[in-house]
Structure formats: structure tokens, C-alpha cells
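The structure appears below as C-alpha cells.
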Amino acid sequence: MASSFFLNTGMKPALYVHIPFCSAKCDYCDFFSLDCRSREDKEAFTRALVRQLSFFCDRLKIDEFPTVYIGGGTPTSLTPESLEMIFSAIARAGGKLPLEWTVEVNPESLSRDHLDLFSAYPVTRLSMGVQSIHGPSRKFLGRRGSLKSVYAAFDLLGKNWKGKLSIDLIRGLPESASLLLEEELAMLPLSGIEHISLYDLSLEEGTPLALRTGKIGARNDSLPRDIESRGFLHYEVSNYAKPGNESLHNRSYWEMEPYLGIGPGAVSLLYGNDSWMHQSVRPDLNLYLRGKPEDYTEIEYPSAVEFFIEHLFMGFRQVRGISLEKIERRFGHSLRDIIPRTLGVWADSLSIDTEAGRLALGPEAFWIQDRFFLDAWKELESLNPFA
């Protein structure tokens, strides 16, 4: 770990906490996760996580987290007592209450005790991994919980949770194993859901699903109209929210604002030694439990071109596009000076909001934005304005 990293203090990063345990890994998942370990392992993990949080808060002089997101894995695979240790450490670290505090939950492990704990702390939002409300779809994906557990979780939340609720769904399954999106939506209690993340199924190399199925002939749904017709606004490639319920934490990622990730497999975007850096925690539970942060933390400094492309890739995921002022402030050039040829080719597909100072891809270009990024990358390869 570079010692110069610690020269830049006083940041107010968003906080991501990675809990790597799951009762069983789903067939499509390539995130770092582990089958549930012994109670002793989980307690040792909790202590290591609290130490890591304290270490970075002390070294970076962090006294506020604008948003908190606890994900995994399955956070609710930890006991309420272990989660409370983590929550308490977060509360001690931040002087102000987060604007948003999200915890991921799975239907099969969510309990009333968990909800009581969430209500005792400033948790404002839960994100539940539903993935599908259709039995054959869940079987195809290798989801371990039953439909009964999903409906039981919705019932438990309806009776005992007063905060916001987001759910994850997966589309792009073969027709033989899926419903139309509109059919799935009709089976969900949408009146109690403020946010939907709708992800395309991807076959990641080495996952059981990829090994089992090979190429998938996906069903062609008519999104985003199906979701928007039910009162949700499409605000990011994979995300829909009722007005005022957009994810503030995820917006930190899309806006390339600083965030601190703790737990094995977590990543960070931080500012140090007069440049931005990507920091990652090695996905090794044994090293994490026995080592110090210096032992399991890795740092990379992206080049100006790489960092600029990352801004484009993340920013244009949003329907509202990217901040032109931020590009100029961070890179010392206007967007038009950096990629004039690409902007010229795509001029008819771009939309500018002069009042907000943002540039966005229009409705048709929004769904083929990879082509825009490729054009920008090729232009920067031929003429690097940062050299």
C-alpha cells in the first residue's frame, strides 16, 4: 500500500460494506461470495470489518458518510448481533446521519429481528433480491429460496417495515423458462415498492449457469414501457424509481464521486497524492481475517484516458447524462476539446440541458451507447489530449 495514499484526508466518501456470505451461491453469480461459514468465522469476520472501517476512518479523517450501502453476498446471513456491531461502528464513524442507508436482504434469510434492528438504526432503504416471481425462472437461475419465501418476505415487510423498498429483477432468460416482464410485474405488490433494478442476465465465464447452458436465446421484452406505465421513472440503464426514490448511493458511482469499500472483494474510488485511485480489497477471507489493511489492500492509478472513459461509461448510464462542468474541472479540458470528432459524429443523438450543464444520449442512442464509447476510445487512441 502506498504511504502517499494517506496524504489526502477530509473526504466524505459514500460507504460500501461487503458481506461475502451466502447460504448457497446462485448459478449465475460471479461476485465474491462464500457458502455460509461457522458462527465463529462470521464473528471473526465482523471484528475484522470493524477494524478495517476504524483504520480508514482514522487515517483518512473521515467523519461523515453521505450514504451507506451494505451488500454482498447476503448481509442478513449474519446474526442481528453481528450486524449491530457493524451498524454501531458505522454510526460512531459518521458525525451526521447518512442521507440514505441501504441494506441488501434476501427473502429466505430476512427475519423480524433483522427488521427491528434496521428500525433501531437510521436504515432508510432495503434492497431485496427477488430476481423472479416465476418458479421456472428461479429454477433456471439456481435461486435457492422458494416462491413461498418471497411472498412471506413481502408480507413481513408490509407489516414491519416503514422505510423504502427496492427489489432486483433479472430479465433476458429464455422463453421456455420465463414470463413476459409485464406478467411478472402483475404478480408483484408494486404499491409497497419504490424502486426496481432490472438487470440483464449475463453468462459469466466459469459460473454454473454458463457451464450448464451455453448461449441463451433471450425473450424480447418491451422495457422500459412496462415499468414506466406503473408509475416508475427510468433514470439509469438498469434502474427505475417512483419520483423522489432514486438511489443516492448508486448515484455516487455513476457520478464518479468518492466511495470507500470495505470487506473482502470491495473496491473504492478515492483521491490521493494529487490523483484519483482505485483501491481494492483482495477477495481472500483468510488473509482478511489474519492480516492488516496494508496486507490485503491494492491500489491502482488509472491513466487520464482510462479515467476519462470511465467517466463517460458511468455518466452516460444515467438518463440525465454527464456533468460538463465536472469533466472540465477534473480533466482541464472541455468535453468538446477532448473528443470533438466523436461528438460531431453523434451530434444528432445527443441532448444538452444548458440549465443543468449536462449532456445525455438521446432515447435511441441510449440503448447502443457501447458504440459511442468505442468511438470515443478510438479517438483518444489516435490523439491523446492529456499527453
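The values are calculated or read from the model by the stated rules, or taken from the named source; none is laboratory data. Owing to the predicted nature of the structure, the values given are computational and were not obtained by experimental measurement. Methodologically, a virtual Cβ is constructed for each residue, glycine included, from the backbone with ideal geometry; neighbour enumeration extends over all protein chains shown.
Here is a list: Leu343, Leu312, Leu380. Which entry is touching a helix residue (DSSP H, G or I) at 6+ places or on another chain (Cβ under 7 Å), without any contact (Cβ under 8 Å) to a residue 12 or more places away in the chain and either on the phi > 0 side of the Ramachandran plot or in a helix (DSSP H, G or I) (or both)?
Criteria check complete, one pass: Leu343.
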*Wholly within the range 76-170, which helices (runs of 4 or more DSSP H) include no fewer than the required count, namely at least 1 residues that are of a type outside the set (Ser, Thr, Tyr), free of Cβ contacts under 8 Å to residues at least 40 places away in the same chain and farther than 28 Å from Phe45 by Cα?*
135-141, 147-160
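Answer yes or no: is there a residue in the range 346-358 that is charged (D, E, K, R) and in contact (Cβ under 8 Å) with a residue 24 or more places away in the chain. Even if it seems obvious, please write down each step before you answer.
Taking the range 346-358 first, the residues charged (D, E, K, R) are 348, 353, 355, 358.
Narrowing further to those that are in contact (Cβ under 8 Å) with a residue 24 or more places away in the chain: 353, 358.
Taking every residue of the range 346-358 in turn, at least one turns out to be charged (D, E, K, R) and in contact (Cβ under 8 Å) with a residue 24 or more places away in the chain.
Does Ser222 satisfy being under 18 Å from Val319 (Cβ atoms) and modelled with pLDDT under 90?
Spelling it out, Ser222 is indeed under 18 Å from Val319 (Cβ atoms) and modelled with pLDDT under 90.
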*Which condition breaks for Asp58 when tested against (1) more than 16 Å from the chain's Cα centre (by Cα); (2) touching a residue at least 24 places away in the same chain (Cβ under 8 Å)?*
(2)
*Within the range 39-49, is even one residue modelled with pLDDT of 95 or more and either assigned to a loop (DSSP other than H, G, I, E, B) or surrounded by fewer than 17 Cβ atoms within 10 Å (Cβ to Cβ) (or both)?*
yes
*Candidate set from the range 347-377 (those that are in a helix (DSSP H, G or I) and charged (D, E, K, R)); member that is nearest to Ala304 (Cα to Cα)*: Asp375
_I'd like the full set of residues that are surrounded by fewer than 16 Cβ atoms within 10 Å (Cβ to Cβ), among the basic types (Lys, Arg) and in contact with a helix residue (DSSP H, G or I) (Cβ under 9 Å, 6 or more places away or on another chain), limited to the range 315-340._
Arg330, Arg336
*What number of residues within the range 104-124 are within 27 Å of Glu182 (Cα to Cα), surrounded by fewer than 23 Cβ atoms within 10 Å (Cβ to Cβ) and either of a type in the set (Gly, Ala, Ser) or under 19 Å from the mean Cα position of the chain (by Cα) (or both)?*
1
*Pick from Trp346, Trp367: which is among the aromatic types (Phe, Trp, Tyr) and either more than 20 Å from Trp254 (Cα to Cα) or touching a strand residue (DSSP E or B) at 6+ places or on another chain (Cβ under 7 Å) (or both)?*
Trp346
*State whether the residues of the range 277-291 include one that is over 28 Å from Leu361 (Cβ atoms) and of a type in the set (Lys, Arg).*
yes
